[in-house]
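The values are calculated or read from the model by the stated rules, or taken from the named source; none is laboratory data. Treat the numbers as computed from the prediction; the structure is a model and nothing was measured. Here the Cβ is made from the backbone with ideal geometry for all residues, glycine too, and neighbour counts use every protein chain on show. The accessibility values were calculated without ligands, DNA or RNA, using every heavy atom of the protein model including side chains. Shrake-Rupley method; radii C 1.70, N 1.55, O 1.52, S 1.80 Å.
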Amino acid sequence: MEERGKEKVIPIAIGIGFVCLLSAILYSSPKPLVEILDYLENISYDLKVRYEQKPVEKDVPIIIVDLDDRSLIEEGRWPWNRKKMGSLVSTLYSLGAKVIAMDLMFPEPEENIAETVIQALKKDENPATLTEIEGLKSTFNYDAIFAKSLSEGNTVLGFVFKREGTPTGELPPPVFLLTSAMEKWVEIPSMPSYLSNISILQGASKAGGFINSSIDRDGVIRFTPMLYRDGHKVYPSLSLAAVKLFLGVAELSLIGEEYGDIDVLEGIQLGNIRIPTDPWGRVLIPFRGMPYSMPYFSATDILKGVVPREAIQNKLVFIGSSATAVGDLVATSIAPVFAGIEIHAHTASGILDGYLPYKPAWGKGASIFLIILLGSILSIVLPFLGPLVSSFLTFAVIFLVIVFDHYIWKKLAIDISVIYPIFSLLVVYVMNEICSYVFDSRRRKLMKAVFGQYVPPDCIDSMLKKSGDFGLEGETKDLSVLFSDIRGFTTISESMSASDLKQFLNTYLGQMTETIFETKGTIDKYVGDMIIAFWGAPINDLQHPEHAVLAAFAMQKRLDAINLNFHKVGMPVIRIGIGVNSGAMNVGDMGSKFRRAYTVLGDAVNLGSRLEALTKYYHVKILVGESTFEKTSSLFVYRQIDRVKVKGKMVGINIYEPIGLNGSVSADVLAILEMHKQALDAYQHQKWDEAGLLFTQIKEKDLNKELYDIYLSRIAEYKKTPPPEGWDGTYTLESK
């Protein structure tokens, strides 16, 4: 019992210990493990994004003007001069574009052709020519032309923040300044350098927004930063700046939440819109579908005037490129090739219609809670379950976690790390299976050591598939016991050499053991030529009385075949007596530290031994006790042999000889048995003459003449010395 308890306590302790360890690891976030689990988490997230996202609405107020391959073929190679870019912008504003956001940078002035010519002709002696060309400088000042186009509406130019290098260009005004108090808790990344646009262009624009990407370790873009800072100056992304202009919101602010003693950035307030972010000011890209799911127009079609006004009017227009070798193409959660300009458009769309998936700051706490809750439950429950149920329960819980994750993603657009809880559940399950295997191996070894010599291998396999200690610790059960002994074995053994005796016993005991095993019996022990077996343990057997009696019949039948072989090789022919009894017995692994055995003890066992001994006295092959008879009388035909009081007992018991299965006994034998019953009844009622006459008649018909000689001898004695008053037919045996 102590061993079985240890088998449960150890896996429970290991499971809960692992749960606590993983929770601590997740809390402290060591790099090696986090990188592995983050990789799995990213795969899980990518699957959710690809198969569950909110499609773009039909009336989405965002379009993309693409400097695509066709535009470059029809309008000329990239880069286009800024006059053409200005023409593109002016055309869009003339068609009613509300805001134009450009995923493009112009960090250097464009060369003025007139200025170049002037420099080349400075040695020309004709001043009139220089004066004439000098007058064309404004005509070829494409930067100024482009700047004029930018100033015609709400234009947002893109720029890039860098962590190092010399700043280039001019930054737009910041959206707000961090106070000293905010700088203590705001974890927006600080970027000390940048690559921006020339002053004339940036000054002509209404705003600017950075176009940096946030690339994960695996090279895939899942997040996009909303805010970066340069010192205390905070700047918006291109999509955030564009939406701010589009909505006409004057200011934006940060949303922080208290977690214990610390404040954590949780979002951006843009007018009435709350943009949830992680502590670093990033948002999960709200993908609305596969590439090209946003409305696209080729830049060349805009320049040619073939795009209708209603397609552009009051729209937020993003200008970028997907052209081969020119376009900004990146790997994302939803597709391995995705245009960078479309990331900005999807993000802006998500802000406008409120579809903004996010990883909450409390997500790690939720993962730790799930690890502790579910991991502890499985750690406690699994050791008490079998392998099949353990597997079903574990994967059912994992399935529910996945369903829960799917639900909050689909309904609330919240992404939490379920890979960590799933990983913990799998590890708890695997560790429980390992512990179970280790303990089962030990148990298998113990079971084979204890039961291997007592029960057949298939019974051991059946036992190993079931739980329980099978009475190893000792228990009281209703069982059936069988004793079998060779008649006159001492005389037989004295007439044989040691080697012949060994062969003789091995053959006899081996075949008899097979017979017992075939009827689900358990060998208790061999005592010389005696076989002791029992039924009903270690495997429960509700039909143990029936199987014990069938074993006795089978052993007697097999003895005929054994004797035939013994006769052929010159060995002595033998006879055996078998006693069977049923009742309450103590069964278990008993003994000392030096020698143990799985055996049965008790009065019912002792009576079985007495019955075997009585077979010799009554000259019968098999005797069963009263309890066995009562439990099998509907199955077998019996002859009551006597009512006896064996040594050590105060009460008499009926003993019976099984004749055969019901329906298999001939009518002649049944008639003799009926006469026997009448004779025994007369005997027990002290009708000596009637009983003597019947016993004499049966003796002439029955082969067991010695049995009836016993009764006739008793009757003669009782006629001389009648039994005491109140005698119930019990005969007291003085010997065992």
Query raised in the report: Roughly how many debye, to the nearest 20, is the charge dipole of the stretch 194-347 about its Cα centre, given +1 on each Lys and Arg Cβ, -1 on each Asp and Glu Cβ, and no other charges?
Result: 620
Query raised in the report: To the nearest 20 debye, what is the magnitude of the charge dipole of the stretch 283-423 about its Cα centre, counting +1 on the Cβ of each Lys and Arg and -1 on the Cβ of each Asp and Glu?
Result: 140
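Would you work out if the stretch 168-238 is rounded, prolate or oblate? Take a ≥ b ≥ c from the square roots of the eigenvalues of the alpha-carbon gyration tensor; rounded if a/c is under 1.5, else prolate when a/b is larger than b/c, oblate otherwise.
It comes out oblate by the Cα gyration axes.
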Query raised in the report: Considering the dipole of the chain built from charges on the beta carbon (Lys and Arg +1, Asp and Glu -1) around the Cα centre, which of Leu426, Leu95, Val569 is farthest to its positive end?
Result: Val569
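I need the helices of the chain that pass two filters: whole DSSP H segments spanning 15 Å or more by Cα along the axis, and mean Kyte-Doolittle score no lower than 1.0.
363-381, 387-412
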Report task. Determine how large the accessible area of Cys20 is when every protein chain is in place; take a 1.4 Å probe and give Å² rounded to the nearest 10. Result -> 80
Query raised in the report: Going highest first, how would you order 44-50, 515-521, 385-391 by mean Cβ packing within 10 Å?
Result: 515-521, 44-50, 385-391
Query raised in the report: Once the Cβ-Cβ distance between Glu518 and Trp280 is put in as r, and R0 is 60 Å, what FRET efficiency do you end up with, to the nearest 0.05?
Result: 0.20
Report task. Work out the charge dipole of the chain with +1 on the Cβ of Lys and Arg and -1 on the Cβ of Asp and Glu about the Cα centre, then indicate which of Leu388, Ser627, Asn314 is farthest towards its positive end. Result -> Ser627
Query - Reachable aspartates and glutamates, given that their alpha-carbon falls under 17 Å from the alpha-carbon of Lys244 and they are not under 8 places away in the same chain - result: Asp103, Asp353
Query raised in the report: Which residue, chosen from Pro11, Thr522, Phe489, occupies the Cα position most advanced towards the positive end of the dipole of the chain, where the dipole is computed from +1 (Lys, Arg) and -1 (Asp, Glu) charges on Cβ about the Cα centre?
Result: Phe489
**Report entry** Protein accessible area in the stretch 179-329, 1.4 Å probe - carbon and sulfur %
**Finding:** 50
Query raised in the report: Could you work out the helix-only [θ] at 222 nm for the chain, with each DSSP H run of four or more residues adding -39,500 (n - 2.57) and the total divided by the number of residues, to the nearest 500 deg cm²/dmol?
Result: -15000 deg cm²/dmol
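Which FRET efficiency value, to the nearest 0.05, is calculated for Asp728 and Ser499 with the Förster distance at 56 angstrom and r the Cβ-Cβ distance? Walk me through the numbers on the way to the answer.
Details: r = 53 Å, r/R0 = 0.94.
Plugging the Cβ-Cβ distance into 1/(1 + (r/R0)^6) gives 0.60.
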Query raised in the report: Hey, which of these cross-link pairs are over 18 Å Cα-Cα: Lys58/Lys315; Lys616/Lys647; Lys98/Lys233; Lys525/Lys631; Lys677/Lys701?
Result: Lys98/Lys233; Lys525/Lys631
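Which of rounded, prolate or oblate describes the stretch 584-705 when judged by the alpha-carbon gyration tensor and an a/c cut-off of 1.5? Can you show the working numbers first?
Working: a/c = 2.75, a/b = 1.98, b/c = 1.39.
In terms of gyration-tensor shape, prolate.
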**Report entry** Among 170-178, 725-733, the order from most to least packed when residues are scored by Cβ within 10 Å on average
**Finding:** 170-178, 725-733
Query raised in the report: Considering only the chain, what is the antiparallel percent among its DSSP beta bridges, to the nearest 5?
Result: 70
Query raised in the report: What shape does the stretch 498-650 take by its C-alpha gyration tensor, where a ≥ b ≥ c are the square roots of the eigenvalues and a/c under 1.5 counts as rounded, a/b above b/c as prolate, and the rest as oblate?
Result: oblate
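Treating only the Cβ of Lys, Arg, Asp and Glu as charged (+1, +1, -1, -1), what charge dipole size does the chain show about its Cα centre? Round to the nearest 20 debye.
1700
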Query raised in the report: Relative contact order of the chain: what whole-number percent is it, with Cα pairs under 8 angstrom and at least 6 residues apart?
Result: 12
Query raised in the report: Going by average Cβ neighbours within 10 Å, how do the peptides 540-546, 297-303 rank, with the highest at the top?
Result: 297-303, 540-546
Requested in this report: Could you calculate the contour length gain from Tyr437 to Leu703, that is, 0.36 nm times the residue separation minus the distance between their Cα atoms, to one decimal place in nm?
Outcome: 89.9 nm
